[in-house]
Amino acid sequence: MHDSRRIEQAAAEWLARRDRGDWSPYDARALEDWLCASTRHRVEFLRLQAAWREAGRLQALAAGLPGDEVPPRGAWVLGPVAHATHATHAHDVAAAGTATPMRARRWRHALAAGVALVATGAALWLGWQLGGRSEADYASTLGQLQTVTLADGSSAVLSSDSRLHVRMTRGERDIELLQGEAYFDVAHDAGRPFVVSADGRRAIAVGTRFSVRRDAQDVRVVVTQGKVRLDAPPGADGRATPVSLLPAGSVATAGRSGVLVRSLPVAEAERYLEWRSGFLTFDDTSLASAAAEFNRFNTRRLELADAGVGELRVGGNFRWANLDSFVKLLEMGFPVRAERLPDRIVLHAR
Amino acid sequence: MPTDFDDWFVREILVHERALAQYLQRCWPHRDELHDLRQEVYARVYEAAARNRPSSPQAFLFTTARHLMTDRARRGRVVSIEPVGDFEPSNVYLVDDVSPERWVGARQALKRLAEALDRLPDRCREVVWLRRVEELPQKDVARRLGISGKTVEKHLAKGMRLIADHLYGGMPPRDGEAPAWTATDEDDGDARQQAD
C-alpha cells in the first residue's frame with residue numbers, strides 16, 4: 001500500500017473513533033498531534049470529514065421510508081421516496097428527522113424529477129431469433145447514449161443519434177452502422193468474425209475493442225485493444241481495395257481518396273471515445289470542428305456566424321450535454337459573443 | 001475545531017476533485033501513483049494557501065498539479081509526460097469544465113449520495129445507514145447488528161472512504177469502467193438552476 005493510502009485509512013479511523021461517543025480531551029490532543037504531523041494528514045482528514053458531513057444529507061432519503069429498517073438498495077430511487085413526493089407536509093417533517101422540512105421536500109422533488117428522466121428514452125429493439133440466427137435494430141436519439149448487448153455477448157455503445165443493424169448467424173457477425181458512431185467491445189469468437197460495415201468500408205475483428213463512426217465524407221475507426229482489419233468490398237470494376245491492419249492505438253480515417261492511419265498511444269486513442277462517458281475532448285481543435293462535435297449530440301445547435309470564429313483553437317474537456325457552459329467559457333476566453341436563440345446558439349466575432 | 005481556512009479549503013479546493021483526478025489521469029501515465037499525487041497536490045495547495053490565499057483557487061489548484069507533475073517528471077520518475085506546458089491559464093479554466101461541482105444541483109447531489117450508499121458492501125452499508133441516517137450511537141448499532149463495537153468502527157471508517165471517493169469522484173474508474181454516475185447525469189444543465 002502506498003503511503004497516501006495508509007494516510008487516508010488512518011484519517012478514516014480517526015473520524016470513526018471520534019464518532020464513537022467516548023471522545024476524551026486526551027483523544028482530541030492525540031488527533032491534533034496527528035494532524036499537525038503532516039499536511040497530508042490534515043488534507044486527507046478534511047476531505048473525509050467533509051464527505052461524511054455531506055453524507056448527513058442522506059437523512060432526506062429516510063423521509064418517507066417506513067419503519068426503521070435499513071432499506072434495500074435503490075429503494076428510494078425507484079420506490080417509496082419517489083411516490084412520496086406528494087406526501088403531506090406534516091408527514092415529511094416527522095420523518096425527515098434533523099433535516100429541515102423545506103430541504104427534505106426539495107430533495108424529494110428533485111429526486112422524482114430524476115426518476116422521470118431515467119424512464120425516458122430506450123432503444124428500439126426489434127430482435128428475433130430463428131435457429132441460431134438473430135437480427136436486431138438499435139437506435140439512439142439525439143443527445144442520448146445507448147449501451148446494448150448483442151446476441152453473441154458483445155456490447156455496443158451507440159453515440160448520440162446513431163443506428164445499427166445487427167445480423168448474427170452461425171458463421172458471421174454482421175453489423176451495419178447506418179448512422180452516427182458506435183463503440184464495440186467484441187466477445188471473442190475466433191470462428192465468427194465480427195464485421196462492422198459503414199459506407200462501403202468494413203472493419204473486421206475477432207475479439208477486440210474499437211469504434212466506427214460515419215461522417216458525411218468518411219468513416220473513422222478507432223482501435224483501443226486487439227487488431228482490426230479495415231477493408232472495402234471490391235468495387236464495381238472488380239479491383240480489391242488495399243487492406244489496412246490496425247493495431248491498438250490506431251485512428252484510421254477512410255475517405256474517398258484512401259485511408260489515413262495515425263498510430264497513437266492507446267491512452268490517446270481512447271480520448272476519441274470519451275463521448276461514452278459524456279465528454280468531448282478537444283486538443284488544439286478548430287472551433288468549427290468542436291461545434292460540429294457538439295451538434296452530433298444536441299438538438300440545440302451551435303452555429304458560427306463568421307468564418308474567423310471557426311478558426312479559433314480550443315482545448316479541454318467538455319460535457320457534451322452542457323453546451324451552455326461551453327459557450328460561457330468561450331465568451332470568457334475568446335473574442336466571441338453568443339447570441340442565444342431557442343433552437344440554436346450563434347457565435348459572432350467580437 | 002474547523003477553522004475558516006479549513007472551510008475555505010473544502011469549499012474552494014476539494015470540490016474540484018473530479019476535474020483534478022481527470023487532469024492527473026490524463027497527464028500521468030502511472031495509475032498507481034495517482035492517489036499519492038492527488039494527496040500531495042492537496043498538501044501543497046493547503047500549505048501555500050495558508051500563507052496566502054489565492055484569488056482564483058481552481059486555477060491555483062491546477063497550476064500546483066502541473067508543477068508537481070513537472071517536478072516529478074524531472075526527477076526522472078516517468079519516461080514521458082504530456083507536454084503540460086500547453087495548459088495556459090485560460091485553458092486550465094477550460095479543463096475545469098469537467099466538473100463545475102458548484103453548479104451541481106440538488107437532484108444530482110442526492111442521487112450521487114444514494115449511489116454512494118448503495119455501492120457500499122452490505123454490512124458496511126447497514127452500519128452507515130444506522131449511524132448516519134438513523135443516528136443511532138455506535139454502540140446501539142453494534143447491538144442491533146450483533147457485532148462488536150470495533151467492527152462498527154471499522155465499517156464506518158471504510159464507509160467514509162468509499163463515500164468520499166464516490167462523492168468527490170476522486171480516483172479515476174478502473175480501465176473500461178465508467179463511473180456509475182456518468183450514465184445518469186446528463187442533466188447538468190438544468191440541475192444548475194436549482195443548485196443551492
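Values in this text are rule-based calculations from the coordinates and carry no lab data. Computed from a predicted model, the values in this text were never measured in an experiment. For neighbour counting, all protein chains shown are included, and Cβ atoms are generated from backbone atoms with ideal geometry for every residue, glycine included.
Classify the range A:246-329 as rounded, prolate or oblate, taking a ≥ b ≥ c as the square roots of the eigenvalues of its Cα gyration tensor: rounded when a/c is under 1.5, otherwise prolate if a/b is larger than b/c and oblate if not.
Prolate.
Specify which residue in the list A:Gln144, A:Ile204, A:His165 is farthest towards the positive end of the charge dipole of the range A:128-264, using unit charges on the beta carbon of Lys, Arg (+1) and Asp, Glu (-1), about the Cα centre.
A:Ile204
GluC sites (Glu not before Pro), restricted to the range A:242-350: which are DSSP loop and have at most 12 other Cβ atoms within 10 Å?
Working: sites: A:Glu268, A:Glu270, A:Glu274, A:Glu293, A:Glu303, A:Glu311, A:Glu331, A:Glu339; in loops: A:Glu311.
Sparse-neighbourhood loop GluC sites (Glu not before Pro): A:Glu311.
Averaged over peptide A:11-17, how many Cβ atoms belonging to another chain are found within 10 Å of each residue's Cβ? If you can, show how the numbers build up before the last one.
Numbers: counts 4, 10, 7, 2, 5, 12, 4.
Average neighbour count from other chains, rounded to a whole number: 6.
Kindly rank A:286-292, A:135-141 from highest to lowest mean number of other beta carbons found within 10 Å of each residue.
Highest to lowest by the protection proxy: A:135-141, A:286-292.
Report, in debye and to the nearest 20, how large the dipole of the range A:278-349 comes out about its Cα centre when Lys and Arg carry +1 and Asp and Glu carry -1 on their Cβ. Intermediate results must be reported in sequence, preceding the final value.
Details: 9 positive and 10 negative charges, 50 e Å.
Charge dipole of the range A:278-349: 240 debye, to the nearest 20.
Quick one: which of B:20-26, A:32-38, B:68-74 comes out on top by average Cβ neighbours within 10 Å, and what's the full order, highest first? Before the final figure, lay out the partial values.
Details: B:20-26: 22.3, A:32-38: 12.6, B:68-74: 16.0.
Peptide ranking by packing, descending: B:20-26, B:68-74, A:32-38.
Of the options A:Asn322, A:Leu347, A:Gly308, report the single residue whose Cα projects farthest towards the positive end of the charge dipole of the range A:278-349 (beta-carbon charges: Lys, Arg +1; Asp, Glu -1).
Value: A:Asn322.
Which shape class, rounded, prolate or oblate, goes with the range A:128-264 when its Cα gyration tensor gives a ≥ b ≥ c as root eigenvalues, a/c under 1.5 marks rounded, and past that a/b bigger than b/c marks prolate?
rounded
Compare the peptides A:249-259, A:208-218 by average per-residue count of other Cβ atoms within 10 angstrom and give them in order, highest first.
A:208-218, A:249-259
Given +1 on the Cβ of Lys and Arg, -1 on the Cβ of Asp and Glu, and no further charges, what dipole in debye does the range A:3-56 carry about its Cα centre, rounded to the nearest 20?
My answer is approximately 100 debye.
Rounded, prolate or oblate: which fits the range A:3-56, taking a ≥ b ≥ c as square roots of the Cα gyration tensor eigenvalues, rounded meaning a/c under 1.5, else prolate when a/b beats b/c?
Numbers: a/c = 1.86, a/b = 1.08, b/c = 1.72.
In terms of gyration-tensor shape, oblate.
Ignore the peptide's own chain and count Cβ atoms of other chains within 10 Å of each Cβ in B:141-150; give me the average, rounded.
Averaged over the peptide's residues, the number is 1.
For peptide B:128-135, what's the mean number of Cβ atoms from other chains within 10 Å of each residue's Cβ?
6
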